Each structure stands twice: as C-alpha cells, then as structure tokens.
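Below: the structure, in structure tokens.
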Amino acid sequence: MNTLLAGLAGALVTGGLLTLVLGAMARPIPAARPRRTGVRRLRVSPRTRMLLGVGLGAGTLAAVLTGWVIALVVVPLALAGIPVLLAAPPAQREVARLEAMEEWVRTVAGTLSAGVGLEQALLRSLRSTPKPIKPEVAALAGRLLARWSTEDALRAFADDLDDPTGDLIAANLTLGARRRGGGLATVLAALAESVGQDVRARREIESDRARPRANARLITGITLVVLAFLSLSGDYISPYGSAIGQVLLGTFLALYVAMLIWLRTMARGTPMPRFIGSSVRERAT
C-alpha cells in the first residue's frame, strides 16, 4: 500500500513538473495582434484524443501488471505529446499563405493593368484566388458588394489575413484607393516580387530549422528502442520500481520533455508586428 501511494505521488510530481515546464514556455500575446472577442478554448484534435484514450488504457494495464503507478501519467502523455513536440511547426502553412498572397497580388496587378477599376479588380480576383487565402478574399468581396467603403473593407481584409505581409498589401491597396492613380499596377507587381523573395528566404530558413528537428526525432526514436529493449531484461529497470525510483524516473522524463520544448522554441521564429487594421487602430487610440 505504501508503494502504491508513493508511486501515485511520483506520478503527481511528474505531472506537476510537466505543467510547470509548459507554463514557463508560454509566450505573451504580442500587442499588435488583433484583439479576439470571446474565450479561446483549447482545441484537441480527434487524433490526440484517440492517442490519449489508448495511452490511458495502456498505462492502466501497465500499472496493474507492474505496479508502476507512474505509467498512468507517462504513457498517455508520451503517446499524445511526443508526436506534437517532434512535429514540424506550422511554418509550412505560413509559407503557403505567403505564396498565395504573391499570386493574388499578381492577379490584381494584371487586372488593373487592363484598365479595370480597383474595386472591380478585387472582385474579379476571387475566381482565381489560391485556396490558402480564398476565405479572406471572399470576405473582402462580400464587404465591397455590401457597399462598404474600400478603405474599411481593406482594413478588415488585413485583420482577416492577420499577417504583416497582408498589412503591406492592404496598405498599398488603400493608398491606391485614395489616390486613384494609374501606377498602382506597377506598385503591386513590385510588391509581388518582394513577397516572392520573402517566400524563398523563408523556405531556406525552414530547411535549416528542419535539421535539428530531424536529429531530435532520431535521438528520441533510438532512446525509446533502447529503453524498450533493456526493459525486457528486468534487471536494468528494477531500481525504478521503488517509490523513490518512480519519482526519479518522472523527473528525468520531465527534463527530457523540457529539452524537447526548448528545442522546438529555438526553431520558432519571432513574428513581425502588424501595422494596419482596425484592431491596431483601436490599440493606438
């Protein structure tokens, strides 16, 4: 009974250490980001829920067969958390959105060079808008059809894109809506070229960041295989069966997870601040 209570205490200590590590790695919301209304809930994918359920069942079985109560915490967190920690960050999605912005700007520039007005060019661009930003462009077209002023619609468009490059595009379009000059198509073509250079630079950066992530996956895989092989002998892991051993094992695992989180944080870039949009204007006033 004492061993069971001590093992349960070790599992609680491990969960507390993991919670402290995740809390320490949390980052404050940048001041320039748009203000969200309502409470943002934690979203858990069906795949993660399935892994948590399988891990809880496997951990319960392991705890019953071996007496290691810490398995109730370690196994579910390992099955659901390690794939998340070793997965690539959402940088590929950001690069795809940048490519879509570049293509869309080139489409608008080409339509404007044919002598079409700005509002009509924005509406016509919806048919050939790339999928990553099509909802945002559709919302922009809907606002224009609803008789919004062009500047207000473009500010809302910048908020929908929620990206510094989107702010730059919206700013150039807003200036074009104010001045109604004939050089907007040339400006947009140059802007599309600049965005294309940014896309190529980000792809090179992500290629360099992928190397440490691949090394972490390899090291983690080798570690798991070695531990699984050594656990079959029984003698190697027998010291961890005691109460103190389970507390130490939970501490070691928490430190390893902290290193994975640190590695993921190092490979994460700092987003550029936004400078346009209704949310930015509200914060400035």
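The values are calculated or read from the model by the stated rules, or taken from the named source; none is laboratory data. Note that the structure is a prediction, hence the values are computed from the model and not measured. FYI the Cβ positions are ideal-geometry reconstructions off the backbone, even for glycines, and counts take in every protein chain you see.
Taking residues in the range 157-174 that are over 17 Å from Glu193 (Cβ atoms) and assigned by TED's automatic domain parsing to the domain that holds Ala141, and partners anywhere that are hydroxyl-bearing (Ser, Thr, Tyr) and surrounded by fewer than 23 Cβ atoms within 10 Å (Cβ to Cβ), the pairs with Cβ atoms closer than 8 Å and at least 6 places apart or on different chains are Asp159/Ser278; Asp159/Ser279; Thr174/Thr150.
Quick one: in the range 145-163, which of the residues that are surrounded by fewer than 17 Cβ atoms within 10 Å (Cβ to Cβ) and part of a helix (DSSP H, G or I) is modelled with the highest pLDDT? Going through the qualifying residues, I end up with Leu145. Let me confirm something: among Gly221, Gly245, Gly250, Gly176, which residue is modelled with pLDDT of 80 or more, in a helix (DSSP H, G or I) and either within 30 Å of Gly117 (Cβ to Cβ) or in contact with a Cys (Cβ under 7 Å, 6 or more places away or on another chain) (or both)? After ruling out the rest, the residue left standing is Gly176.
On inspection, Trp104 fails the criterion of being under 30 Å from Ala254 (Cα atoms), of a type in the set (Phe, Trp, Tyr) and crowded, with 19+ Cβ neighbours inside 10 Å.
If you go through the range 122-144 one residue at a time, do you hit one that is of a type outside the set (Val, Ile, Thr), within 30 Å of Ala87 (Cβ to Cβ), without any contact (Cβ under 8 Å) to a residue 40 or more places away in the chain and not in a helix (DSSP H, G or I)? Yes, some residue in the range 122-144 is of a type outside the set (Val, Ile, Thr), within 30 Å of Ala87 (Cβ to Cβ), without any contact (Cβ under 8 Å) to a residue 40 or more places away in the chain and not in a helix (DSSP H, G or I).
A single entry from Gly245, Gly221, Gly250, Gly241 fulfils the requirement of being closer than 16 Å to Val69 by Cβ, over 23 Å from the mean Cα position of the chain (by Cα), surrounded by 12 or more Cβ atoms within 10 Å (Cβ to Cβ) and free of Cβ contacts under 8 Å to residues at least 12 places away in the same chain: Gly245. With respect to Gly110, is the statement that it is part of a loop (DSSP other than H, G, I, E, B) and either touching a residue at least 40 places away in the same chain (Cβ under 8 Å) or farther than 30 Å from Arg213 by Cα (or both) true? Judged against the criteria, Gly110 is not a match.
For the range 110-123, the count of residues that are of a type in the set (Val, Ile, Thr), at pLDDT 85 or above and buried (at least 16 other Cβ atoms within 10 Å of the Cβ) is at least one.
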